[in-house]
Amino acid sequence: MPDSTRPDAPRSAATLLVECLATQGCERIFTVPGESFLAVLDALPDRPEIDVITCRQEGGAAFMACADGAMGAAGSGRPGVAFVTRGPGATNASIGVHVAHQDSQPMILFVGDVARGMQGREGFQEIDFAAFFGPICKWAARIDDPARIPEYIARAYATAINGRPGPVVLALPEDMLVEQVSAALSPRPFVTRTAQAACPDAMQAMFDMIADAASPVAIIGGAGWNSKARDYFQQFAERIGLPVATAFRRQDAIRPDCPVFAGNLGYGPNPKLVERVKQADLVVAVGARLGEATTDGYTVPSLEHPGQMLIHIHPDPEELGRVYRTDLALCCGVDEFAECAALWEDAGIIPFDAGAEAHREWLEWATPPASDAAIDLAACVAAMRDSLPADTIICNGAGNFAGWWHRYWRYAAYPGQLAPTCGAMGYGVPAAIAAALRYPERTIVAVAGDGDFLMNGQELATAAQYGANLIVVVIDNGAYGTIRMHQEREYPGRVSATTLANPDFSALGAAYGAWSTRVESTAQFIAALDEAKSRGGIRLIHALTDLERIAASGATISGLRARARPAGKRK
């Protein structure tokens, strides 16, 4: 056996891999352990600078890594990292890869693989990972030669963070990890992402188009967005009075007190904002992919947008002109673009009045109306807004429940919103745990529906194990609410598969060591929130709500049934 204490002694490929991760600046790994990468687990204790978080299901681990990458984009830009085992572990984790891909968030998933001699035989839990993950990530590969580990790790980091950020998947054959490698092999350094500068001619063309417009609007947030982009773009938009809407679940891309902030697009937006985008003669999209959710099925704006001009700024050239007809495309880093726009002299633009008008419309839309509901979620969000710090991070998965926070919460901090643009359930609790570990000094709130919570609620065991401080609000209406809403619209009164029989979530929270309580009125919710603020650790509020009030838009079950098309005209 080689003497591993000698500085020039050979070491295992797994040790080299962990050294490479440390050199790339990896601070935290989320994992569900597997025998296929035991050698990596054995090497990690020798690198105390890498925090290892053991999770309870690979989907939760992948969501945590995805959220960690989203928060990393606000700082170092480094991706989140997860390790899972082959077969069932990898397929469980695939949901996090899908979210990272559609959300344009940097992430690296390492998958322990079957031994090289077993490949191609359908060995135990074998999957062709490059084929399986290829369509939902930026790069998927297998490291068969341990001498190439430094190359692959450096490329994985560069691929995850450059251009449109996204996920990378690397498979690690278990026999490769235990091979001895030469001491001459050394990790490659982390290469800081250098954003491409905006072309001066294109910038001038953009300003000319804005100057010629009568009713422009901006849609922002997405690939590469960070605090620098936020500050500079807000400075630019305020200077010219440009109404600014945020893309779906990108509401922290601009401060809510910005005098030209017009609100958010996506599901359940302000109808006045939707009409403003439809009537705009110029749309300036910065960082946003203009995906299906943001554009309401590619209708706001439409794909060909007759009567409108489109300026699209994005760091990935393959995204420009890919779906939408684009009149001016700028391929550059969004933060570099925003800085250039804010500092551009003699733009020749007469400030628009529309920005202030759009902001007034948003303030009206985001003000809770009076309600006689036992639990008025709008009032509950307003109470949270008044009670919790401005830099609170709100984390949620998918479901109608999130609409109340999207409409009434003020996402004042950056990062301040962790929510999957691809609409994945079960994201909120894992994301909140990642946020609590990344920002222990900040208030972290996970908001989850009853169906949403039970997708990954078991990760509260992870939160307890690592002493995470977070508040969990479970909105319980006894149904898969979003699907029930669509069901009532299309097949009124014919309820099928959308009703849920739920546990006592407050008792379940207590089983994980949380302070927890059950509330059935707005007053009880506010009192519970005050109590939760005074405590640390996990705090869970189980809020029972009325299914009749199905959406933050004001939609009700009875109203949907009344407006539903006659049975003979259904799809």
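Read-outs throughout are calculated quantities, based only on the coordinates presented, and are distinct from any laboratory measurement. As the structure is a prediction and not an experimental result, all values here were calculated from the model. All Cβ positions, even for glycine, are placed from backbone atoms using ideal geometry, and neighbour counts span all protein chains on display.
Quick rundown of the values:
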{"item": "3J(HN,Hα) from dihedral phi, the stretch 412-418, Karplus parametrisation 6.51/-1.76/1.60, rounded to Hz, x for glycine, proline", "result": "7, 9, 10, x, x, 9, 10"}
{"item": "Sequence of 109, 44, 170 once ranked by neighbouring C-beta atoms within 10 Å, starting from the fewest", "result": "44, 170, 109"}
{"item": "Contour minus Cα-Cα distance for residue 155 and residue 196 (0.36 nm per residue)", "result": "12.9 nm"}
{"item": "The chain: calculated mean residue ellipticity at 222 nm from DSSP helix runs of at least 4, using -39500 (n - 2.57)", "result": "-10500 deg cm²/dmol"}
{"item": "Part-to-part distance (alpha-carbon centres) for the stretch 110-162 and the stretch 31-64, which is given in Å", "result": "17 Å"}
{"item": "Estimated FRET transfer efficiency (residue 184, residue 211; beta-carbon r; R0 51 Å; 0.05)", "result": "0.30"}
{"item": "Amide H partners (placed H, <5 Å) of residue 113, local residues excluded", "result": "172, 174"}
{"item": "Percent of Cα-Cα distances greater than 23 Å, calculated over the stretch 200-327", "result": "23 percent"}
{"item": "Relative exposure of 388, 470, judged by other C-beta atoms within 10 Å (fewest first)", "result": "388, 470"}
{"item": "Förster-model FRET efficiency, 45 Å R0, residue 520 and residue 278, C-beta, rounded to 0.05", "result": "0.65"}
{"item": "Candidate aspartates and glutamates - alpha carbon under 13 Å from residue 272, same-chain residues fewer than 8 apart omitted", "result": "357, 361, 364"}
{"item": "Hydrodynamic radius of the chain per Kirkwood, over alpha carbon pairs, in Å", "result": "24.8 Å"}
{"item": "Ranked by how many other beta carbons lie within 10 Å on average, peptides 78-84, 416-422 from highest", "result": "78-84, 416-422"}
{"item": "Sparse-neighbour loop sites [trypsin sites (Lys or Arg not before Pro); the stretch 77-179; at most 12 other C-beta within 10 Å; DSSP]", "result": "121"}
{"item": "Stretch gain in nm, segment residue 390-residue 235, where the contour uses 0.36 nm per residue and the Cα spacing is subtracted", "result": "53.8 nm"}
{"item": "Built amide H within the under 5 Å cut-off of residue 264, gap 5+", "result": "246, 270"}
{"item": "The stretch 317-327 - phi-based ³J(HN,Hα) in whole Hz, Karplus 6.51/-1.76/1.60, Gly and Pro as x", "result": "x, 6, 7, 6, x, 5, 10, 9, 5, 10, 8"}
{"item": "Neighbour-count order for 107, 206, fewest beta carbons within 10 angstrom listed first", "result": "206, 107"}
{"item": "For the stretch 392-538: Kirkwood Rh in Å [reciprocal of mean 1/r, alpha carbons]", "result": "15.8 Å"}
{"item": "For residue 282, residues with placed amide H under 5 Å, excluding near neighbours", "result": "215, 217, 309"}
